[in-house]
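Here the structure is laid out as structure tokens; the discussion comes afterwards.
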Amino acid sequence: MVIEIIEKILLLSGMVALGFIIGMFFNGFARKVTARIHNRVGPPIYQGYLDVFKLFAKKTNISHGWIFDLAALFSVAGIALAFLFLPVAGISLLSTEGDLFLILYLLAIPALGFALGAGASGNPNAAVGIMRALMLMLAYELPLVMVIVAMMVHYNTTSLATLVQMQSNFKWALFVPQFFIGAIIVDMALQGMLMEKPFDIAIAPHEIASGPMVEFGGKHLGALMLYKMMAIVVETTLFVDLFLGGGVVLSVEQYGWIAYLVNFLVWFALITFVFFLALLINAVFPRFRIEQALKFYWKYDALAALLLLIWVYAGVSI
Amino acid sequence: MRNEDWKKISRLVSKRSLWMVHFCTGCGAMEMPPVMTSRYDMERFGMHAMATPRQADILLITGYLAVKTLKRVVQVYEQMQDPKYVIGFGSCTINGGMYWDSYNTIKDLSKYIPVDLYIAGCMPRPEAIMDAFLKLMDMIDKGEAIGWKKYRKYYDQYKRNQRMAFAYRLDEVKEIKEDDAK
Amino acid sequence: MLMETFYAFIIGSLVVLALNRFPRIAAVVAIAVSLLPLFALIYWAPLVGLTLPSYLSLLRFETEISYALGPGTILLQITPLGWFFLFLLATTFPLVLLFASSFVRDNAGGFYASMLLTMLGSFGVLLARDMLTFFIFWEIMSWSILALVLRGHDRRAIVSYLAFGSLSAMLLLFGFMILYYKTGTFLFGEMALEATPLTLAGISMIVAGFAVKGALMPLHVWAPHVYSRSEEPFVAFLSGGLSKLGYFGMILFMYGVATVPFFATWGTFRGVPYFGYALAVIGAFTAFAGTVLAIMQDDLRKLLAYSSIGQLGYVAIGIGIGTPLALTGALFQALNHTFFKAVLFLAAGAVYYRTGRWKISELGGLGYKMPFTFLAALFAIFALASIPITSGFAAKWLLYEAAIEQGFLFVTPIMLIAGVGAFLYAYKILYGVFLGEPRHDVREAPLSQLVAMWILVLPLVVFLVFPGWVLDITSPILQEYGMQPVAHTPYVITTNLAAYNTIAVILALIGTLFLALILYKWKPQKVVPHEDNYLAGEPPENYEYISMHAASNYYEPFEDVFGGIFRKGAERGWEIVLAGAEFLSNGARRIYTGLTEDYSIYILLFFLVLVGWWLLW
């Protein structure tokens, strides 16, 4: 019993560590890809690790009081929590203990914690940035939840682990005609979720001095960077779990540990690919204003999602 | 692992991840875009322009400083978090440059905040800026870029000089002189 | 002891009225009387399967009573449903009075007297065994609320409350009469409803009457006015406790008196009767529109009022869907809403008590000045936004599961997006009032107010860990209506679609928080004053003229997009109804010409019609 518990704890902390390591890799990867598109050399691909290390090695760390500190705590803890509740490469550590609704709301813990700390700094830029971030959230969540609800009703489950299981043997949701469109809609929502251009409205460095992060430096900024990097992993994994079968290609019963390895590699390749798509858009677009983003999501994306809902409702499949 | 080793590793990593806030006064800001974009691309050294001093490691001052501007520079410098480095850019920060005889610009920046590195020239070319960055990295690696320690150590002296520059009435100058005598 | 409780309330209200000059003694008397329903609650706990130590129930209360009062008889009986709602009201009520003891200054005796009468009415409503008793106590409650609304001295609030209150009473009365006409009995237990259009009309009228009290759109118009112009302790009880009575009545009449098969005679949509589906759609619309309107408010009380309307919309959705899962979710949401909204209104009251401001844009930075008020409000806000670190999530989760189980493709996204909208106004409260630039040099709220708030926070934390306990006390209600209770253990809720394990969430959160804490405590830090903020140079020196608090017009882009559609929409609609009514009444007035020959023609016509009818039949 005790050994089991220790095993579980080690497995979970290993998963969190893995998430952070992949997240930091993604930071360097993103900067490299963007640089290559801009015809630059770009930083080394391990730049993310250096940045985080440097931030945690800073000599002074200023804070604006205990509410300000909650940002660092809740953002890192919350995003790690959300990661644990996702099935990763078919391995569901805690994902059977909750479902998709829980994940959607767990994703709000780091966001609200971060907003709390940013607001506590008392900087007006931070407040404006948070306002934009929350409104963007409202904007992209509508098409996202519409598609997710359509999937839940279609597959008659709300559990993400079950959804991944149903998509095994390459019965990916992407290959169902309705959800191919759904995937496109969610991919657009993902662009806002990842806060890549044209939706990097909240952290616009040139307008509002990086918005919510304006007062964060040293270890606080390091914690926030960890959150942002891990958020990329969590959000792309959510997409992969929803539409690409969570990266499960080999069944564990048949192939044993090789299946774990292969599934894991496939999952990693898929989330990298999804993130790569977002980066391609990010590298060439300017920035929306916030009401333009709201109108984009609620007019075009949500309208497409509404048609999808009607399609699923009618049960028509071509 | 000994403390010294830890510091060495820390410096080794930190020099490859320098974030910069540029205080764009004067005409020097014009030379920054080529440094950042595809011609010279400073990001290959892990350098990045940041939005606020809280996040930055380098303060780059790109030209002459009026007394009023100096006030803001000091504010920004003090908001940065240790370790922090200052690069004076162009001859204006060294000796006032073409404003050498102006009544309201400061002549020597290092009197007011510790400058780790100067880039001479009016204007310095992007190559010179890149060279300065590499030199600064070298200095950090060797532990020579200790401006932030100097600012802590000689804080009173720097403050006195700043007050002297900000003083615009005779009695304020007199007060400072009296304080000096103490 | 049951009738004695009612007498204690009446005598207590007279005593506190007499003690008008001594507000502190009046408060003590009122709180002492208000504890009686709590004792009754504890005594009746075995009804819902709770076993409490016997010393907790100091007094004995009858579970069923018929009491002759003049020509009529008052019939009272405690049911699991009544117990559940009594739990919400009886726990909130003494704490609200405790808060009021330091908050209400002028004419305190009148305040406590009206509050006690309100509770008396609600107590009777929850125990009523027949429609007459129900209606009598309902009116006692409604009129005592009016007395409390009158204390606000706001014409709009009074008029709108009166208008909608009488509308509600009329609808209820008509509905009761129709039911009595068709069944011949007033007793809930003996009513066997036939599925005729008339009974459906009666039930619809009753549900509409309750919807007024529950502030469902478009019958919500009174709520923002009343909530924003009355004293906070009363509003906390009104929003937290009394508005639930509307939903109590809906459940009682929709599932106790009428049943699911009754509604199903008119057809079902995905297993849900059309009637329930319509209620669910109205509820979803209310949840969404209430949220959007809350985002646009600057007055703290109005914001909370619209948020209250929006959150209660979820309860209506649950009642409308009417599956065991949905009803459990609705009851759970009602419970959560009671506690978090009471805390929020009380926190708003505490903030007003110290600063004298209601406008969010004029407040700011109180988090460091009033840390305990802030923390209580923070917990309540987390529950409001249904973040899974309070019990708020379990209720919404049950409702979402219920909607997905029935395959509601269009209602569920609206519910979910309203949930996201809740983050927006939740953050507006947090930032505008408690974070940002400190602008008021104030002390922490008085102890009595803090105690009241923190005791109300307690259930939110307890039911986070053990949501199963709530499901334990809702299961008897479902069994009474012949439904299968939701499968659960103290900390795992299981549905057909998925499971929710709170212990896993909490332990994982503690683990990750521990991890984050290590990361964060690794390095020492320095706390800087608020003025040391990056503002591209230096902060402005003249604080009197320049504000760094960005809370006024916080969601301006949002208002640009939605403001035109939603603002004042409902009120404008009712104004059109009003204009129509005025036009019709003016037309009717023309009949009265004042000429004798006209009247004689009317009489002649009347007799002709009578004779004609007699000849034809």
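The values are calculated or read from the model by the stated rules, or taken from the named source; none is laboratory data. In this text, all values refer to a predicted model and were calculated from it rather than measured experimentally. Using ideal geometry, Cβ is built from the backbone for each residue, glycine included, and neighbour counts are taken over all protein chains shown. Accessible surface is based on the protein model in full, side chains and every heavy atom, while ligands, DNA and RNA are left aside. Shrake-Rupley method; radii C 1.70, N 1.55, O 1.52, S 1.80 Å.
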Over the range A:2-314, what is the relative contact order in whole percent, taking alpha-carbon pairs under 8 Å and six or more residues apart?
26
List the residues of the range A:212-226 whose accessible area drops by at least 30 Å² when all protein chains are present, compared with their chain alone, using a 1.4 Å probe and counting only protein heavy atoms.
A:VAL214, A:GLU215, A:LYS219, A:LEU221
Quick one: accessible surface of B:CYS92, probe radius 1.4 Å, all protein chains present, in square angstrom to the nearest 10.
20
Counting only protein heavy atoms and using a 1.4 Å probe, what share of the accessible area of the range A:255-316 belongs to carbon plus sulfur, as a whole percent?
77
Ballpark to the nearest 100 Å², how much total accessible area do C and A bury together, probe 1.4 Å?
6800
Taking every residue in C:503-509, how many Cβ atoms of other protein chains lie within 10 Å of its Cβ, on average?
6
Give me the accessible area of A:HIS64, 1.4 Å probe, in Å² rounded to the nearest 10.
10
Between C:ASN553 and C:GLU582, with labels modelled 7 Å along Cα→Cβ, what's the label distance in nm to one decimal, could you check?
3.3
Would you mind pulling out the separation of the Cα centroids of the range A:190-237 and the range A:1-41, in Å?
16
Longest principal axis of chain C (C-alpha) makes with the long axis of helix C:447-465 (C-alpha) an angle, in degrees to the nearest 10, of 80
Roughly how big is the A-B contact, given as buried accessible area in Å² (both sides, 1.4 Å probe, nearest 100)?
2400
Using alpha-carbon positions, what is the distance between the centroids of the range C:419-469 and the range C:99-162, in Å?
26
Going down the list B:LYS68/C:LYS526; C:LYS244/C:LYS428; A:LYS54/A:LYS197; A:LYS228/C:LYS359; B:LYS7/C:LYS521, which pairs span over 23 Å between their C-alpha atoms?
B:LYS68/C:LYS526; C:LYS244/C:LYS428; A:LYS54/A:LYS197; A:LYS228/C:LYS359
Leaving ligands, DNA and RNA out of it, work out the accessible area of C:GLU575 with a 1.4 Å probe and give it in Å² to the nearest 10.
100
Given the options B:MET30, B:LEU109, B:MET47, identify the residue whose Cα lies farthest towards the positive end of the charge dipole of the range B:3-150 (+1 on Cβ of Lys, Arg; -1 on Cβ of Asp, Glu).
B:LEU109
Can you give the helix-only mean residue ellipticity at 222 nm for chain C, where every DSSP H stretch with n ≥ 4 adds -39500 (n - 2.57) and the sum goes over all residues, rounded to the nearest 500 deg cm²/dmol?
-22000 deg cm²/dmol
In this structure, among A:LYS8/A:LYS58; A:LYS59/B:LYS142; A:LYS58/B:LYS177, pairs with alpha-carbon gaps over 25 Å are A:LYS8/A:LYS58; A:LYS58/B:LYS177
Of B:ASP116, C:ASP560, which has the most accessible area with a 1.4 Å probe, and how do the rest follow in descending order?
C:ASP560, B:ASP116
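Take the alpha carbon gyration tensor of chain A, find the square roots of its eigenvalues, order them as a ≥ b ≥ c, and report rounded if a/c is under 1.5; if not, report prolate when a/b exceeds b/c, else oblate.
The shape class here is oblate.
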Tell me, what is the per residue accessible area of the protein assembly as shown in Å², probe radius 1.4 Å?
39
Kirkwood-based Rg/Rh on the Cα set of the range C:568-616 evaluates to 1.30
Of the heavy-atom accessible surface of the range C:188-284 (probe 1.4 angstrom), what whole percent is carbon and sulfur?
68
Computed about the Cα centre, the charge dipole of the protein assembly as shown from +1 Lys/Arg and -1 Asp/Glu charges at the Cβ has a magnitude in debye, to the nearest 20, of 2340
Which FRET efficiency, nearest 0.05, do A:GLU207 and A:LYS295 yield, Cβ-Cβ r, R0 25 Å?
0.85
Any idea what % of Cα-Cα pairs in chain B are farther than 30 Å?
21
Quick one: if you stick a label point 7 Å off each Cα along the C-beta vector at C:LEU458 and A:PHE175, how many nm between them?
5.8
Residue mean of other protein chain beta carbons inside 10 Å, A:130-142
5
Given points 7 Å out from each Cα along the Cα-Cβ axis, report the C:LEU604 to C:ASP532 separation in nanometres with one decimal.
9.9
If each part is reduced to its alpha-carbon centroid, the range B:114-147 and the range C:39-81 end up apart, in Å, by 84
So how tilted is helix B:170-181 from the main axis of chain B? Cα-based, degrees 0 to 90, rounded to 10.
70
Mean ellipticity per residue at 222 nm, deg cm²/dmol - from DSSP H runs of n ≥ 4 across chain A, formula -39500 (n - 2.57):
-23000 deg cm²/dmol
Just to verify a number: FRET efficiency for C:ARG572 and B:LYS142, C-beta to C-beta distance, R0 = 51 Å, to 0.05?
0.10
At R0 = 56 Å the Cβ-Cβ FRET efficiency linking C:THR196 and C:ASN20, nearest 0.05, sits at 0.60
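Remind me, relative contact order of chain C in percent, using alpha carbon pairs under 8 angstrom and six or more residues apart?
12
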Return the ratio Rg/(2.2 N^0.38 Å) for the protein assembly as shown, where Rg is computed over Cα atoms only.
1.06
Lysines near C:LYS182 by alpha-carbon distance under 27 Å, same-chain residues fewer than 8 away left out - which ones?
C:LYS213
Could you tell me whether the range B:6-57 comes out rounded, prolate or oblate from its Cα gyration tensor? Rule is a ≥ b ≥ c as square roots of the eigenvalues, rounded for a/c under 1.5, then prolate if a/b exceeds b/c, otherwise oblate.
oblate
C:TRP614 to C:ASP106: extension gain in nm, 0.36 nm per residue of separation minus the Cα-Cα distance?
176.4 nm
If you take the charge dipole of the protein assembly as shown about its Cα centre, with +1 on Lys and Arg Cβ and -1 on Asp and Glu Cβ, which of C:PHE275, C:GLY189, C:THR474 is farthest toward its positive end?
C:THR474
Less than 13 Å from a label point 7 Å out along the Cα-to-Cβ axis of C:ASN496: which backbone N atoms in the range C:388-411 qualify, by residue?
C:401-408
How large a share of the accessible area of chain B, in percent, is made up of carbon and sulfur atoms when the probe is 1.4 Å and the other protein chains stay in place?
54
